[in-house]
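Down below is the structure, laid out as structure tokens.
The values are calculated or read from the model by the stated rules, or taken from the named source; none is laboratory data. Fair warning: this is a prediction, and the values are worked out from it, not measured in the lab. Cβ: placed from backbone, ideal geometry, glycine included. Neighbour counts: every protein chain shown. Ligands, DNA and RNA are excluded from the accessible area calculation, which covers all protein heavy atoms including side chains. Shrake-Rupley method; radii C 1.70, N 1.55, O 1.52, S 1.80 Å.
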Amino acid sequence: MAGRRRDPKTSDLLLRYVRKGDLPIFFEHQSDPAANQMAAFPARERQAFTTHWNRILGDGTIDKRTILFGGQVAGYLVSFERFGLREVGYWIGKSFWGRGVASGALLRFLGEVPARPLYARVARHNVASLRVLEKCGFTACEEDPGDAHAPVDEVEEVLLRLDA
């Protein structure tokens, strides 16, 4: 039907292992000022970005997937250990926001990452990301069971947990 939005949980949304060729697109995604403000995370310069991703690609303890939507690289998902907790994170290119890509991709990724509990940290003002995590079954934690740490640049974070 014309004008009807497709559900990204269909074949338009795919996850695959990250390839080095995805990195230039990831770099552009993380360079967007609106995305940086939303995530409360500053963009990395190209060399720092490349160094960071080369470390991720070489670390077998980090689960990492590229999100493809309509055949285009829409972002990535990662699961890693930090502060003694297994966490999940993601970055979606701005042109893919508001289309259900994050929720659909995260639901699929959670099926591929068996570790539980899983945690996620998100800037309190990032209502869209909080909503994505809640749709996928995460709930806010009362206390941080990991090592106590100060918020980066005084950004207030919410810690969420997925048990099942």
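Quick notes
- Test: residue in region 97-111 that is in contact with a His (Cβ under 9 Å, 6 or more places away or on another chain) and open to solvent by less than 20 Å² (accessible area, probe 1.4 Å): no
- Failed criterion for Phe27 (all others in (1) open to solvent by less than 50 Å² (accessible area, probe 1.4 Å); (2) in a strand (DSSP E or B); (3) more than 29 Å from Cys141 (Cα to Cα); (4) in contact with a Lys or Arg (Cβ under 9 Å, 6 or more places away or on another chain) hold): (2)
- For region 101-116, the set of residues classified as within 19 Å of Arg131 (Cα to Cα) and touching a strand residue (DSSP E or B) at 6+ places or on another chain (Cβ under 8 Å) consists of Val101, Ala102, Gly104, Ala105, Leu106, Arg108, Phe109, Leu110, listed by residue number.
- Scanning region 30-49 for residues that are in contact (Cβ under 8 Å) with a residue 40 or more places away in the chain and in a helix (DSSP H, G or I) returns Gln30, Ala34, Ala35, Met38, Ala39.
- Complete set of residues in region 122-136 that are under 21 Å from Phe83 (Cβ atoms) and open to solvent by 40 Å² or more (accessible area, probe 1.4 Å): Arg124
- For region 50-80, residues that are among the acidic types (Asp, Glu) and within 14 Å of the chain's Cα centre (by Cα) total 1.
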